[in-house]
1. I'd like the full set of residues that are among the polar types (S, T, N, Q) and over 37 Å from the mean Cα position of the chain (by Cα), limited to the range 264-305.
2. If a residue has to be hydroxyl-bearing (Ser, Thr, Tyr) and open to solvent by 20 Å² or more (accessible area, probe 1.4 Å) to count, how many in the range 60-81 make the cut?
3. Pairs needed: first member in the range 72-83, over 14 Å from Ala18 (Cα atoms); second member anywhere, open to solvent by less than 40 Å² (accessible area, probe 1.4 Å) and modelled with pLDDT of 70 or more; C-beta distance under 7 Å; at least 6 residues apart or different chains.
4. With the checklist (1) modelled with pLDDT of 80 or more; (2) within 19 Å of Leu106 (Cβ to Cβ) in hand, flag the one item Phe50 doesn't pass.
5. If Ile113 satisfies all but one of (1) part of a helix (DSSP H, G or I); (2) modelled with pLDDT under 80; (3) under 30 Å from Glu157 (Cβ atoms); (4) open to solvent by 60 Å² or more (accessible area, probe 1.4 Å), what's the number of the condition it fails?
6. What are the pairs with Cβ atoms under 7 angstrom where one residue, in the range 43-65, is farther than 17 Å from Leu103 by Cα and the other, located anywhere, is at pLDDT 80 or above and among the basic types (Lys, Arg)? Sequence gap at least six, or different chains.
7. Could you say whether any residue in the range 84-96 is touching a helix residue (DSSP H, G or I) at 6+ places or on another chain (Cβ under 8 Å), hydroxyl-bearing (Ser, Thr, Tyr) and modelled with pLDDT under 75?
Amino acid sequence: MTLLERPLFYVGEHYVTALGLIAFAGLFATGLLIARILQSDAVRRFFSRFKIETKFVAVVTTILSLASLIFFIIGAINAAGIPLAWNAPLPAIKLSLVQIFLLVALLIAVFWISSRTKRFLFNRLLADSGLDRSLQYAISQVISNIVLVVGIFIVLENTGIHLGALTVFAGAVGVGVGFGLQNIASNFISGLVILAERPITIGDRVEVARSTVILTSDNIAMIVPNSKFIDSPVTNWHYSDPRVRFRLPVGVAYGSDVNKVRETLIAAAREHSATLSDPEPTAYLEKFGDSTIDFELVAWTQEMSYKPRRFKSDLNYLIYKHLTAAGIEIPNPQRDLHIRDGVIKVKTIPDRHTMERSEE
């Protein structure tokens, strides 16, 4: 027996040699290296070629890297002289290591099939069905959820984890965590209600003080709990009609021809290509303010309702252009002072710099 094969210490009934420790270190280092490689950008780009979503690719590469690390760690333990059978059930668990790896792989496959089912239905099968686009998305989402739930049940049943045993666990902890999960259940059910009733649909512009992702005009994603759409007021710009009315206040100087102002404002609104002719734009004389005669330009649009700030800016540019061309003044705030009796003497007070120069 060589020096490397001599026992260094015992673990239970098994002894560990120096050669076993070297093999353990080599396999463990190999596992770490492969785990790092699986997390690299090159591997992510490889999976992206199969049209897999970025988030799903991140989950898959993470699971694969952990699985490879576990695989080599177990191999290293065996190489060190401590046998750990792959097919033997683990302590207190009826599953072996091979079955656990198979369970994880099948669950990943179920999630991938569910995601692909949704994409296939929404982008291909239902794309030319003539149904409303939001209804197509609702159908795709519901079927995808059904595939996910059924797939998980089938995988668990076929790997030896019977659902009957899970009911005991669910009953034991359900009362304790029920209050903590009520918001999750509420959001999930609210999501189903939104898909069924469709108070908001894809492409709608909404204002709002499990979740819906809203992309703002600044390209910022807001994750809003679904329950907010059910029990809170929601302003939907495109619920029943994509046409939206915009109101722009305009103040002109006293003495202006109000009829001419009205015609000028309407002409400014009509010049914009996105302004609808039905309903046609109009202008209202709102009130006589302190410094201005206040008008309100009302214009309808369908195309620019997705860019309200841009549309208002365009109209303001056109309003200024037409008012300037018509010689209509947009005044600064001003006050008229009337002296009824007496005389007011105005005295000029030199500033500090003038006083300093005079003293010099």
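1. Of everything in the range 264-305, those that are among the polar types (S, T, N, Q) and over 37 Å from the mean Cα position of the chain (by Cα) turn out to be Thr264, Thr282, Ser291, Thr292.
2. Final tally of qualifying residues: 1.
3. Filtered contacts from the range 72-83: Phe72/Gly31; Ile73/Gly31.
4. (1)
5. Status for Ile113: all satisfied but (2).
6. From residues that are farther than 17 Å from Leu103 by Cα, the pairs are Val57/Arg44.
7. No; the residues of the range 84-96 include none that is touching a helix residue (DSSP H, G or I) at 6+ places or on another chain (Cβ under 8 Å), hydroxyl-bearing (Ser, Thr, Tyr) and modelled with pLDDT under 75.
The values are calculated or read from the model by the stated rules, or taken from the named source; none is laboratory data. These numbers come from a predicted model, not from an experiment. Don't worry about glycine lacking a Cβ; one is built from the backbone with ideal geometry, like all the others, and counts go over all protein chains shown. Calculation scope for accessible area: heavy atoms of the full protein, side chains included, ligands and nucleic acids excluded. Shrake-Rupley method; radii C 1.70, N 1.55, O 1.52, S 1.80 Å.
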